[in-house]
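Structure first, then comments.
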Amino acid sequence: MQIIERKTAFDGHYKLSVLRVQDGPDVLRRERFEPGTAVAALVYHTGTGQYILTRQYRIGPEAEILELAAGMVDGEETPETAIRREIQEELGYDVDHLEQIARMLPSPGTSSEVITVFYAEVSHQSGPGGGLAEENEKIEAVPFAAADLWKLPLEDAKTIIAVQWAQLREARK
């Protein structure tokens with residue numbers, strides 16, 4: 001398969017492209033959602049021994065959900081720099097240790113999105129968190145002991161992956 005034509009159908013908060021794809025003798029039309037490059041982190045507070053998730057309203061499920069601290073990579077920013085910024089904005093913490101868990105394509109059949117998922121250790125809160133007012137964010141930090149985190153009925157894929165990673169990490173200790 002080869003992309004032979006690419007047109008922007010919508011360019012707003014997110015982007016949607018219409019592609020013409022050559023597949024042997026056939027030319028197919030495909031739409032591709034292009035939200036950008038994202039980062040997320042499972043945050044662990046070394047002082048309290050708790051994991052910290054965020055709770056916020058998400059337009060996709062039209063509900064508040066529990067998920068990792070997350071956001072978009074801005075411009076030429078590295079994923080590591082972006083997640084440190086997001087943890088500060090959303091939770092108010094400086095990152096002591098950062099480790100990449102996975103680089104994933106959450107829906108490669110329809111989307112160009114790439115998400116880099118991290119594990120972050122924190123110990124010092126230097127800001128209020130809660131997100132940025134200018135981005136209309138209203139984010140609540142929600143701490144969990146490991147045993148409680150393992151039992152949560154999580155729905156967000158990146159959060160499920162990170163929590164399972166942490167469970168396996170704990171089992172190896």
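The values are calculated or read from the model by the stated rules, or taken from the named source; none is laboratory data. Source: prediction; values computed, not measured. Positions of Cβ are backbone-derived with ideal geometry, glycine not excepted, and every protein chain shown enters the neighbour counts.
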Note on the stretch 107-120: residues under 18 Å from Ala82 (Cβ atoms) and exposed (fewer than 15 other Cβ atoms within 10 Å of the Cβ) are none
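Going by the structure shown, is Thr54 among the polar types (S, T, N, Q) and in contact with a strand residue (DSSP E or B) (Cβ under 6 Å, 6 or more places away or on another chain)?
In short, yes.
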Run down Ile83, Ile101 and say which single residue is touching a residue at least 12 places away in the same chain (Cβ under 8 Å), β-branched (Val, Ile, Thr) and under 18 Å from Gln125 (Cβ atoms). Ile83
Farther than 21 Å from Glu134 by Cα, assigned by TED's automatic domain parsing to the domain that holds Ala102 and in a strand (DSSP E or B): does that describe Leu66? yes
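Only one of these is farther than 26 Å from Leu154 by Cα, free of Cβ contacts under 8 Å to residues at least 24 places away in the same chain, in the same structural domain as Ala146 (by TED's automatic domain parsing) and of a type in the set (Gly, Ala, Ser): Gly60, Gly75, Gly12. Name it. It would help to see each step written out before you state the result.
On the way: Gly60 fails: farther than 26 Å from Leu154 by Cα; Gly12 fails: in the same structural domain as Ala146 (by TED's automatic domain parsing).
Step by step, each of Gly60, Gly75, Gly12 is checked, and only Gly75 is farther than 26 Å from Leu154 by Cα, free of Cβ contacts under 8 Å to residues at least 24 places away in the same chain, in the same structural domain as Ala146 (by TED's automatic domain parsing) and of a type in the set (Gly, Ala, Ser).
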So Arg85 ticks every box in (1) in the same structural domain as Ala146 (by TED's automatic domain parsing); (2) assigned to a strand (DSSP E or B); (3) not polar (S, T, N, Q) but one. Which box is left unticked? (2)
Only one of (1) closer than 30 Å to Lys151 by Cβ; (2) touching a Pro at 6+ places or on another chain (Cβ under 9 Å); (3) not polar (S, T, N, Q) fails for Ala41. Which number is that? (2)
Among (1) modelled with pLDDT of 95 or more; (2) surrounded by 12 or more Cβ atoms within 10 Å (Cβ to Cβ), which single condition is Arg6 missing? (2)
I want to confirm something. Restricting to the stretch 140-154 and keeping residues that are touching a residue at least 24 places away in the same chain (Cβ under 8 Å) and assigned to a helix (DSSP H, G or I), which single residue is surrounded by the fewest Cβ atoms within 10 Å (Cβ to Cβ)? Ala146
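Among the listed residues Glu170, Glu134, Glu76, Glu64, which satisfies the condition of being touching a Phe, Trp or Tyr at 6+ places or on another chain (Cβ under 8 Å) and loosely packed, with under 14 Cβ neighbours inside 10 Å?
Glu64
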Determine which single condition Gln167 fails, assuming it passes every other condition in (1) of a type outside the set (Asp, Glu); (2) outside any helix (DSSP H, G or I); (3) more than 30 Å from Phe33 (Cα to Cα). (2)
